[in-house]
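Chemist: Have a look at the structure that comes next, please.
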Amino acid sequence: MNNDIIERALATLNVGGTLLYPTDTIWGIGCDAVNPSAIERVYAIKERDHSKSMLILASAEMLSPEMPGEVCRLLLESERPTTVVLPARYVALTLPQNLLADDGTVGVRVPKMDFCQELLRQFGLPIVSTSANFSGCPSPQCYADIEEELKRRVDYCLPDDPSFHHPAIGSSRILKVNPDGSLAVIRS
């Protein structure tokens, strides 16, 4: 993993900038998930309606100890990328209102990809993750599929480094914690 890439990504996040970066599913656009201004920039870059909330990538340390054990195990131990939509109180940090869905929930994924894990470890805060496409357009399956205009709109576009290449997984499985604590499958 290229340390210069991590350092430049961290410098961008630290000043409220936006990234185009690889995740364990597809390439995404992200920012500091506790910075409301940076989140607004991501909505603007994607031309995304605010009624469509975005998920965050987080490390195990960023999850609240109050999170139900079954949900925590799903996030930490699932072999396939899994996003769980849950009440924001299960994240150990206060998230801005413009990141949350109308019902006060947020999608959380704990990435397995080494780059994302290291970025989260060094940054120390969750990172917004939303597909690297304009709202309503197909999600890119690889770096070459990302529209040039989108690349120009972000503050730092990570290079298409060979260490980021992995089979295109596509979207993650999405589960939601219901008010009674049960889990519902939104996307399998």
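Chemist: If I go through region 22-41 residue by residue, how many of them are closer than 14 Å to V106 by Cβ, in contact with a Ser or Thr (Cβ under 9 Å, 6 or more places away or on another chain) and β-branched (V, I, T)?
Modeler: Result for region 22-41: 1.
Chemist: Within region 102-118, which residues are within 13 Å of L55 (Cα to Cα) and buried (at least 16 other Cβ atoms within 10 Å of the Cβ)?
Modeler: Within region 102-118, T105, V106, G107, V108, R109, V110, P111 qualify.
Chemist: If we keep just the residues of region 34-73 that are open to solvent by less than 40 Å² (accessible area, probe 1.4 Å), in a helix (DSSP H, G or I) and touching a residue at least 60 places away in the same chain (Cβ under 8 Å), which is farthest from S172 (Cα to Cα)?
Modeler: Step by step, filter region 34-73, then rank; the result is A38.
Chemist: Check region 93-102 and report whether any residue there is farther than 24 Å from L74 by Cα and free of Cβ contacts under 8 Å to residues at least 24 places away in the same chain.
Modeler: no
Chemist: Out of the residues in region 74-93 that are part of a loop (DSSP other than H, G, I, E, B) and either open to solvent by less than 50 Å² (accessible area, probe 1.4 Å) or at pLDDT 95 or above (or both), state the one that is nearest to Y43 (Cα to Cα).
Modeler: P81
Chemist: Exactly one of these conditions fails for I56: (1) over 17 Å from P111 (Cβ atoms); (2) at pLDDT 95 or above. Give me its number.
Modeler: (1)
The values are calculated or read from the model by the stated rules, or taken from the named source; none is laboratory data. Not measured: the values here are computed from a predicted model. Counting neighbours? That spans all protein chains shown, and the Cβs are built from the backbone with ideal geometry, glycine included. Ligands, DNA and RNA are excluded from the accessible area calculation, which covers all protein heavy atoms including side chains. Shrake-Rupley method; radii C 1.70, N 1.55, O 1.52, S 1.80 Å.
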